[in-house]
1. Please name all residue pairs, on different chains or six or more residues apart, with Cβ atoms under 7 Å, provided the first residue is in region 58-79 and is at positive phi and the second residue is among the acidic types (D, E).
2. Residue check: is A37 surrounded by 13 or more Cβ atoms within 10 Å (Cβ to Cβ), in contact with an Asp or Glu (Cβ under 9 Å, 6 or more places away or on another chain), more than 18 Å from E15 (Cα to Cα) and at pLDDT below 95?
3. In region 49-103, which residues are more than 18 Å from D129 (Cα to Cα) and β-branched (V, I, T)?
4. Got a sec? Which of Y86, Y77 is out of contact with any strand residue (DSSP E or B) (no Cβ under 7 Å at 6 or more places or on another chain) and surrounded by 13 or more Cβ atoms within 10 Å (Cβ to Cβ)?
5. Checking R101 against (1) in contact with a Leu (Cβ under 6 Å, 6 or more places away or on another chain); (2) part of a helix (DSSP H, G or I), only one condition comes out false. Which one?
6. Determine whether G28 is more than 15 Å from R124 (Cβ to Cβ), at pLDDT 90 or above and either touching an Asp or Glu at 6+ places or on another chain (Cβ under 6 Å) or surrounded by fewer than 16 Cβ atoms within 10 Å (Cβ to Cβ) (or both).
7. Looking at (1) over 30 Å from W70 (Cα atoms); (2) at pLDDT 85 or above, which is the only condition A107 fails?
8. Can you give me the number of residues within region 40-74 that are assigned to a strand (DSSP E or B) and surrounded by 16 or more Cβ atoms within 10 Å (Cβ to Cβ)?
Amino acid sequence: MAQRRHARTAFEVLEVAGPSMVPTLLHGDRLVVRYGAVVRPGDVVVLRHPFQQDLLVVKRAVERRPGGWWVLGDNPYNETGDSTDYGTVPEELVLATAVLRFRPRAADQSSLRARLSWAVSALRPLWPDASASSRLRAR
C-alpha cells in the first residue's frame, strides 16, 4: 500500500506501507513513480483499490486480461489485497508505474561505513520483472 505525499505530477514520491511487496519493497521504502507511463507485464504499479478508491495500492502488473490488469503482491505469504480478492483492475485505476525505490537511512547508520553501505544499496531502479510476472501468474 502507498501513502500519498504530494500533489499529482508527472513524477511523484510515495511511501510504501505494508508487507504485500516484500522482498521487492519493504514497509517505509519510498518509490518514485511516473504517472501516465505505459504499463508492461512485470511492472510495479500504483493503482486505486477497486473497492476503496481513496486507497492507493502498490502491486505487480502480472498480465493484461479482459477488463484490465491482473495484479499481485510479490510476497507469497501475504495472500490478500490483490487480484485474487478483487479480480482484474480496470486500466483507468492503474495510475502510475514505479521507476525506482529508495530506502530511508536508519538513525543508527551514523558511521562512515554504514552511510556508504546505505548509499550503495538505498537506490534501486525497478525494471519490469518478466520472471516475477510468470512466477506470480502460476500462483
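1. G68/E91
2. Numbers: surrounded by 13 or more Cβ atoms within 10 Å (Cβ to Cβ): yes; in contact with an Asp or Glu (Cβ under 9 Å, 6 or more places away or on another chain): yes; more than 18 Å from E15 (Cα to Cα): yes; at pLDDT below 95: yes.
When the stated conditions are applied, A37 passes them.
3. Within region 49-103, V57, T80, T84, T88, V89 qualify.
4. Y86
5. (2)
6. The answer is no for G28.
7. Every condition holds for A107 apart from (2).
8. Count: 18.
The values are calculated or read from the model by the stated rules, or taken from the named source; none is laboratory data. All values reported here derive from a predicted model rather than from experimental measurement. Positions of Cβ are backbone-derived with ideal geometry, glycine not excepted, and every protein chain shown enters the neighbour counts.
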